[in-house]
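Here's the structure we're looking at; comments come further down.
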């Protein structure tokens, strides 16, 4: 009988063309499929919770797959980490209900966008943070961030390349945390549009630099026009930290 | 007239065979010499304060060189960062007294050794921290660390490959700091022997794992035998954080 297995996956996105399989490109999903197929001698294609972009990192993305194998759920992490490249790590594995689907369950997603705000870049964090030379005013950024919380139409904060019709999303919180020269934007929500966190980051950076007033955010939201928001901040600063499912029926895990 | 310029240099050591120039190898010193020689059209060989090992990182190493150029001291950092690879950054540059020598001045060197202590490695810090699976007891590690502070003959904590005769060094402090799953060993001293911080780290890890009692440290020091201490911990966990000169005559900077 086929069983469904859930993996919690961490990865350094620097060397990958994002999560989703693309012909001829190195992707996180592709590496997982390869490792699983070689381990199980089955043709495995995982379903991911979040298709992170090229260069974006993950600490808690989710992948599920079905298998005929009798390997205990919690053993997959160890077996897979032997076969995966060192920039992808399965942090946890477990057997779940057969109808569990990581994109169809209500969940809280947490992203962090890290900004190294100093005169010079720091070579020890250049792969995991975006370097911004101009001094950033975190009080202004926090004031702007507040306007983004709640349910809004985020058309202005979404790549025009998207095909999604409904652009209303709920952002639970946008925190702006300074620790020395590192500024972390921690964004929690039920779901995000294409490039949404990076456009939020790019806009808050402009506010922090003094190039935009915090009070402009409500106007930008109301305009429903991508041109009104700030630029899409670079991918290296972004990490998908965690995906926590609510306790809804479909997500009951064995 | 020739002028002496001091550089504060940060680097990700992952891709380098250490600081010191070696024929046919990629080194931090080699990249600095190349960038300076191309900028100044002179044949420049820098003098470094600390010859860090292959794979070891730097945030505050020092390099000095003499030049006929009239470029203001503080401008070198900007000009060099244009020519250096992105994993080496000159954080500061300034003109110093002609007899300033970074290895002949009394100074306090601070190293940090970072240990990621979790069930699984974290792909986002694997280049800058050493992964240790066994749970580490930081109280035990701190108790052992205390015995290392002060003036001692550190023969037991020195690679046998060294050519230095006098192995007496003064360690000002060894702090053991836990922040979640990251343990940082912060070691300050006036000078260190070859591999000394990595052998201290390897020994404290053994103590933290319960494989060695903290009270063994005085015996290990007294034995003056490299075999008695723990293994040399891997290079990726080690960063030379800073070198602060004392205010002695020779180190007076213009």
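Things to note:
- Tail beyond 28 Å, pair distance distribution of the protein assembly as shown (Cα, percent): 62 percent
- Annotation for the range B:96-143 versus the range B:177-252: alpha-carbon center distance of 8 Å.
- Degrees separating the helix B:28-40 axis from the principal Cα axis of chain B, which is the longest one: 10 degrees
- Contour minus Cα-Cα distance for residue B:179 and residue B:97 (0.36 nm per residue): 25.4 nm
- The angle between the Cα long axis of helix B:138-148 and the longest principal axis of the Cα atoms of chain B comes to about 70 degrees, rounded to the nearest 10.
- Relative contact order, whole percent, for chain B stands at 24, derived from Cα pairs under 8 Å and 6 or more residues apart.
- Order of A:171, B:9 under a 10 Å beta carbon neighbour criterion, fewest first: A:171, B:9
- Here each label is just a point 7 Å from Cα along the line to Cβ, and for residue B:166 and residue B:186 those points are 2.9 nm apart.
- On Cα atoms only, tilt of A:196-209 relative to the major axis of chain A in degrees: 30 degrees
- Across the alpha-carbon set of the range A:107-242, the Rg to Rh ratio works out to 0.94, Rh being the Kirkwood radius.
- Label point 7 Å beyond Cα of residue B:38 along Cβ direction - residues of the range B:88-102 with amide nitrogen under 16 Å: B:88-90
- Think of the axis that spins chain B onto A; the B residue whose C-beta lies nearest it, and the distance in whole Å, is B:127, 4.
- Percentage, to the nearest whole number, of Cα pairs in the range A:139-198 over 13 Å apart: 62 percent
- For the range B:56-175, convex hull of alpha carbons as volume per residue, Å³: 179 Å³
- Among A:219, A:149, A:92, residue whose mean-square fluctuation peaks in a GNM of chain A (springs only between Cα atoms under 10 Å): A:219
- If you plug the beta carbon distance of residue A:70 and residue A:247 into 1/(1 + (r/R0)^6) with R0 = 22 Å, you get a FRET efficiency near 0.15.
- Expected 222 nm ellipticity per residue - DSSP helices of 4 or more, -39500 (n - 2.57), all of chain B, to 500: -6500 deg cm²/dmol
- Taking the square roots of five times each eigenvalue of the Cα gyration tensor of the range B:3-104, the equivalent ellipsoid has semi-axes of 20, 14, 13 Å, listed largest first.
- Number of partner chain Cβ atoms within 10 Å, mean per residue of A:115-122: 3
- Percent of alpha-carbon pairs separated by more than 33 Å within chain A: 24 percent
- Extension reserve of the residue B:153-residue B:215 stretch, reckoned as 0.36 nm per residue once the Cα distance is removed: 20.6 nm
None of the figures in this text is laboratory data; all of them are computed from the coordinates on show. Owing to the predicted nature of the structure, the values given are computational and were not obtained by experimental measurement. Here the Cβ is made from the backbone with ideal geometry for all residues, glycine too, and neighbour counts use every protein chain on show.
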